[in-house]
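Take a look at the structure set out below.
Please treat every number below as a calculation from the coordinates, not as lab data. No experiment lies behind these values; they were computed from the predicted model shown. No Cβ is skipped: glycine too gets one built from the backbone with ideal geometry, and neighbour counts run over all protein chains shown.
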Amino acid sequence: MARKQECIAMLLAGGQGSRLGILTKNIAKPAVPYGGKYRIIDFPLSNCVNSGITTVGVLTQYQPLELNDYIGNGQAWDLDRANGGVHILSPYQQIKGTEWYKGTANAIYQNINFIDRYDPEYVVILSGDHIYKMDYNKMLEYHKEKGAACTIAMLEVSWEEASRFGLMILNDDNSISEFEEKPKNPRSNKASMGVYVFTWSKLRQYLIDDEKDPNSSNDFGKNVIPKMHADGEKMFAYLFDGYWKDVGTIDSLWEANLDLLNPKVDLDLSDTSWRIYAKTPVSPPHYISANAKVQNSMISEGSRVYGDVDYSILFNDVVIEEGAEVKYSIVMPGTVVKKGAVVQYSMVAENAVIEAGAVVGATPEEMANRDDWGVAVVGAGVTVHEGAFVAPKAMVDEDVVKEDK
Amino acid sequence: MTGKNIVGIVFSNAYDECISELTGIRTMGSVPFASRYRLIDFTLSNMVNAGIEKVGVLTKSNYQSLMDHVGTGKPWDLSRKNDGLFILPPFSTNEAGGNADKLASLKGIMGFISRSNEEYVLLSDCNTVLNLDIDALTDYHTAKNADITIVYKNGKKPNLTDVVVLSMNADNKAEKISISPVTEENVNYSLNVIFMKKALLERLINDAISLNYKDFEADIIQGNVDKLNIYGYEATGYAATVESMESYFKVNMELLDPANCDDLFNADRPIYTKVRDDMPAIYGLGSDVKNSLIADGCIIEGTVENSILFRGVRVEKGAVVKNSIVMQDGFVAQNASLNCVVADKSVVITPNKTLSGAENYPVYIGKEIVI
């Protein structure tokens, strides 16, 4: 029997993230690279360990190979513990048969036994889709103080954006009066961040009841939380004030990366009191040559820059050859941009090769019709051959050759 | 031969005195090098890349920073249930007599050596930077039917004490061994990476104890040149020995040549080091970086040329760092200027200060000093 833990975390990492297209062709969304050396899942995992939550169940389902390999025994996040630590929880065969995780609530339901082993008072439910630094322990203290059954972290978003989110209408004491899912005319700008604290005894019962309901889609947002609310459980919102970004789309992932280069954005990864941990590749320091020009960029170890890099993020072991130009782009590990190639307003996945004179993406100014503009994406291992062009908004996961005119 | 059959022994304090500024607070093995490494990383990585699973690190003095760096040996995969990394502090009994010489050190760890089940030993100092293919070395040793194989380099003899210089026949068998001969010629000098059977090392040390030998190089190596098959194995790739502050500076700067970097940081035999979890380096608007090696965690807003920056260094707007080495968490404030400087860890250069040394005499700034 494991030792009792006051609070454990369950991280929902099974989503495909289909809106990220070819970036999630072979990997689960939480394993998507971000910020020059991280993957999305490093943020919730680091938040957990920095908040003192050292038992974390990671629920995986879609393309788990790379994610499982990345998490390993959790050592990179200091989550290799004798008691608790990080556990990968994949769907498994039970006496009544095998079931995939049908929904977020069902995924937790299927792992009630795992949670019960630690006999926790509280469970934090997280997702692997967001970039943010947050002290879950403060939220837990708030949850205890309020004597809540469920506390939902919320963030004030701008009124223009509000209709894209799940919103909460609050009473004066911050208890939740109503939920609104992506309304046309929002009555609130308080959006849910997808971070929940539950009192385990309560949630456990709701999960069991939800599973019995044949009409339920076994989802937290659609079923369990509305049911708790309808039953009059004490539900509170916890106000979070800081950087938070959903990176579920190509545009938002690209933006969230470039946010790291904006001094006005409140996301400081150099803060040693709240480090974001990652599995660090074994590479030498990066090298900037005598003729290179680097401006307003982030560059990781093992990379070599001989050309121009402006407003971009280079992951480890990237090579930018002489005369090549990279701007407003994210270049993932092991990719080579050869002589005279241009990569702009793009994301290039791992181990791609952009050959001499090829052009990937375009600047918004170049476009006759601004609506045709978008971030170009080159998939992992793809070669963009000499002189070839990858249009803005395009997503290529096969080699690209020069078109004959 | 598999690495499992070899026990590695690393002399972390060897030649500490040659860069006393840097080793005043640490061992030679824990001297910072090339933006993110410590010198011992090369030795340890070479060993584990050949499959060696048991390494004893001999320490003599000031080994706090070394212990902090190597920890349980996890970064080198040497944190094992069986074998792994062993720190061997001095064992000062009358018989052992301290660790004044390599021989005394070895006498002090006879227990560790004799308890090891491996058939071979590999002895190594830390002040030579190289990426050595130890598999090739051991194959060579077997093919030559050697008793002892010494890794050597052809070139100018380092200006150190007890340098073993080999005169070899056409087959690379040592015929004559001299110790620190006075010469300006290119010679074949030992890099102090020595391979032999464990049983032979035990016998040689026991002989040394009974005959009251004092000197490893003279009594064990040179003294056996006629009795044992001693072979030289040439290190053909990039290999550089740190022998003074000037050479420490020069060897770092040599890595600004990508060819040397490629050779040393060979992707097939990676060099491991302790992880620090810094973010990637950030280049601000108006930064100007040329011909430099930069580690993660740096924030650069000024000018950096021909320099080596370690993890977490900050160069503010208007600051200029040229031909310099700035170790981890160094801070160069606005409009300060450095040229030919070696700044130890956590040095702060306040605004508008100018410091300039010469290539053959870099200015050294001690750890945590504020200028």
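Scaled against the 2.2 N^0.38 Å expected of a compact globular protein of N residues, the Cα radius of gyration of region A:333-405 reads 1.02.
Quick one: helix B:198-210 against the long Cα principal axis of chain B, what's the angle to the nearest 10°, folded into 0 to 90? So the helix axis and the longest Cα principal axis differ by about 80 degrees.
Computed from the alpha carbon positions, the gyration tensor of region A:259-363 leads to an equivalent ellipsoid with semi-axes of 23, 16, 13 Å, biggest first. Given the pairs A:Lys96/A:Lys222; A:Lys279/B:Lys156; A:Lys25/A:Lys293; A:Lys4/A:Lys212; A:Lys138/A:Lys222, which span a C-alpha to C-alpha distance of over 30 angstrom in this model? Checking Cα-Cα distances, A:Lys279/B:Lys156; A:Lys25/A:Lys293 exceed 30 Å. Considering only B:Thr138, B:Thr354, B:Thr23, the Gaussian network model of chain B with Cα springs below 10 Å gives its largest mean-square fluctuation to B:Thr354. Comparing A:Ala149, A:Ser188, A:Leu126 along the charge dipole axis of region A:32-189, the residue lying farthest to the positive side is A:Leu126, per the Cβ-charge model. Over chain A, the alpha carbon radius of gyration divided by the compact-protein estimate 2.2 N^0.38 Å works out to 1.04. Averaged over residues, the count of other Cβ atoms within 10 Å places the peptides B:230-240, A:84-94, A:327-337 in the sequence A:327-337, B:230-240, A:84-94, highest first.
Using unit Cβ charges (K, R positive; D, E negative) and no other charged atoms, how large, in debye to the nearest 20, is the dipole of region A:1-116 about its Cα centre? Don't skip to the answer; put the middle values down first.
Values: 10 positive and 8 negative charges, 51 e Å.
Here region A:1-116 has a charge dipole of around 240 debye.
Only Cα pairs under 8 Å and 6+ residues apart enter the sum, and on that basis the relative contact order of chain B stands at 15 percent.
Relative to the longest principal axis of the Cα atoms of chain A, helix A:250-259 runs at roughly 80 degrees. Per residue, the Cα convex hull of region A:192-265 amounts to 120 Å³. The mean number of Cβ atoms from other chains found within 10 Å of a Cβ in peptide B:298-306 is 1, as a whole number. Between the C-alpha center of region B:213-234 and that of region A:342-405 there is a gap of 63 Å. The alpha-carbon of B:Lys173 sits under 20 angstrom from the alpha-carbons of these lysines, leaving out residues fewer than 8 places away in its chain: B:Lys144, B:Lys153, B:Lys157, B:Lys197, B:Lys227. Legend: Rg and Dmax of region A:140-249, from Cα coordinates, 14.0, 39 Å. Taking region B:279-371 as the region of interest, the number of lysine pairs whose Cα atoms are within less than 21 Å, with members eight or more places apart or on different chains, is 10.
With the simple model of a label 7 Å out from the Cα in the direction of the Cβ, A:Trp159 to A:Arg370 spans 2.2 nm. The Rg/Rh ratio of chain B, with Rg taken over Cα atoms and Rh as the Kirkwood radius over Cα pairs, comes to 0.99.
Rounded to whole Å, give me the distance from the Cα center of region A:1-75 to that of region A:214-236. Taking the Cα centre of each part, region A:1-75 and region A:214-236 sit 25 Å apart. Here the calculated FRET efficiency for A:Lys234 and B:Ala143, from their Cβ-Cβ distance with R0 = 60 Å, stands at 0.15, rounded to the nearest 0.05. When both region B:252-329 and region A:80-105 are represented by their alpha-carbon centers, they are found 43 Å apart.
Alpha-carbon geometry of region B:1-78: the Rg and the Dmax are 12.6, 41 Å, given in that order. Just need the relative contact order of chain A here, percent rounded to a whole number, with Cα pairs under 8 Å and 6+ apart. Reported as a whole number, the value is 13 percent. Debye-formula intensities of region B:217-257, expressed as log10 I(q)/I(0) at q = 0.17, 0.32 Å⁻¹, are -0.68, -1.04 (one equal scatterer per alpha-carbon, no solvent). What does the convex hull of the alpha-carbon atoms of the protein assembly as shown project to on average, in nm²? Projected over every direction and averaged, the Cα hull of the protein assembly as shown covers 39.7 nm². Computed from point charges on the beta carbon alone (+1 for Lys and Arg, -1 for Asp and Glu), the dipole magnitude for region B:237-326 about its Cα centre is near 240 Debye. Below 8 Å, C-alpha to C-alpha, sequence gap of six or more: please give me the relative contact order for region A:99-226 in percent. Relative contact order for region A:99-226 comes out at 35 percent.
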